[in-house]
Amino acid sequence: MQNKEKTFVSAVIYVHNAERRIESFLDAVIGTMENNFEHSEIICVNDFSDDRSLEVIKKVSSKAKNTSVSVINMSYFHGLELAMDAGMDLAIGDFVFEFDNTILDFDPVEIMNVYYHALKGYDIVSASPNKKVKFTSKLFYSTFDRFTQLSYKMTTESFRILSRRVINRISSMNKTVPYRKAIYAGCGLKTDNLKYDIRSNETPYVDPREKKYRTSLAIDTLILFTEFGYRFSFGMTSLMILISIFMIIYTLIIYFIGHPIEGWTTTLLFLSVAFLGLFGILTIIVKYLSIIVDLVFKRKHYSFESIEKLTK
């Protein structure tokens, strides 16, 4: 008889219009939990699906014997981040798996590989497909890494496991921060990423509303969690200030040396000075907004990776 893990684990699964793949996915997760853990729970977050996803979940959940299966039905479409927050609030496991989608392109054994790797001392272990990353995703993550000071390099992930320690650490933050992975990357605890060989190259169907949400989330994340927006705005305002200064100098040269049309230099000088002041004010506003974002979304408390007791 197989010795099962005594650790209580939770699995939170995001579901939105996934009736075509939720059955096989949930089957795999239930099987893994039942075969490897004495105590486990699965929480499916039904993000206002308008297909048969809920019916399929209820049908498949009847196969679970020792694993508790729950469903959170969101009142309206919330999107991945808020929906997963709802699931995480309900999860009580010592370790919690997060499945951001129901695409089963990995062997279920990878779930346990991630768990066993976490037992080596990692508080966050993610699993990523060993394949070429989409251009848009690569652009997003490279931009994010370029304009942040985080040492952890983010990438496309299929699922991850979190220890209770990291959940407790970020519990006061993730209610106001719209992107969980940014919190995980900056929480200060030990993280690692495992690659797995994909079982199928089939392109999964993505609901248009969910795709639109993820695109909007990526833009919001770059603005809130990186210096990309600040540097771009500051660069543009600085450029316009230089152009305004050049126009002031040019206008004065024309006035004293050239033969300007009457009223032309006065008008141009006024506009140049006005734009110089305007862009100067915009520079100050951009800086203030950057400070506000730092205080509200990127405020940092002390964080540590581990504690070692050196003496008895």
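The values are calculated or read from the model by the stated rules, or taken from the named source; none is laboratory data. These numbers were taken from a predicted model, which means no experiment stands behind them. Note that each Cβ is placed from the backbone with ideal geometry, even for glycine, and that neighbours are counted across all protein chains shown.
Quick check on the range 137-177: of everything there that is closer than 23 Å to V15 by Cα, out of contact with any strand residue (DSSP E or B) (no Cβ under 8 Å at 6 or more places or on another chain) and of a type in the set (V, I, T), which residue is modelled with the highest pLDDT?
The qualifying residue modelled with the highest pLDDT is V177.
Are any of the residues in the range 215-235 surrounded by 17 or more Cβ atoms within 10 Å (Cβ to Cβ), among the basic types (K, R) and at pLDDT below 85?
No, that holds for no residue.
Here is a list of conditions, (1) modelled with pLDDT of 90 or more; (2) assigned to a loop (DSSP other than H, G, I, E, B), and K63 meets all of them except one; can you say which number that is?
If we test K63 against (1) modelled with pLDDT of 90 or more; (2) assigned to a loop (DSSP other than H, G, I, E, B), just (1) comes out false.
Need the failing condition index for S200 against (1) buried (at least 17 other Cβ atoms within 10 Å of the Cβ); (2) of a type in the set (G, A, S); (3) modelled with pLDDT under 85, just the number.
(1)
Tally time: how many residues in the range 1-43 are under 25 Å from the mean Cα position of the chain (by Cα), buried (at least 21 other Cβ atoms within 10 Å of the Cβ) and free of Cβ contacts under 8 Å to residues at least 40 places away in the same chain?
Matching residues across the range 1-43 total 1.
Got a sec? Which helices (runs of 4 or more DSSP H) wholly within the range 80-158 have at least 1 residues that are in contact (Cβ under 8 Å) with a residue 60 or more places away in the chain, under 15 Å from Y196 (Cβ atoms) and not hydrophobic (A, V, I, L, M, F, W, C)?
109-118
Determine which member of the set F95, F144 is buried (at least 20 other Cβ atoms within 10 Å of the Cβ), in contact with a helix residue (DSSP H, G or I) (Cβ under 7 Å, 6 or more places away or on another chain), within 24 Å of D47 (Cα to Cα) and of a type outside the set (K, R).
Within the list F95, F144, the selection yields F95.
Within the range 212-259, which residues are part of a helix (DSSP H, G or I), within 14 Å of R146 (Cβ to Cβ) and not small (G, A, S)?
The answer is T221, L222, F225, F228, Y230, R231, F232.
What do you reckon, is I245 farther than 21 Å from V133 by Cα, in contact (Cβ under 8 Å) with a residue 24 or more places away in the chain, of a type in the set (A, V, I, L, M) and surrounded by fewer than 17 Cβ atoms within 10 Å (Cβ to Cβ)?
So I245 fits the description; yes.
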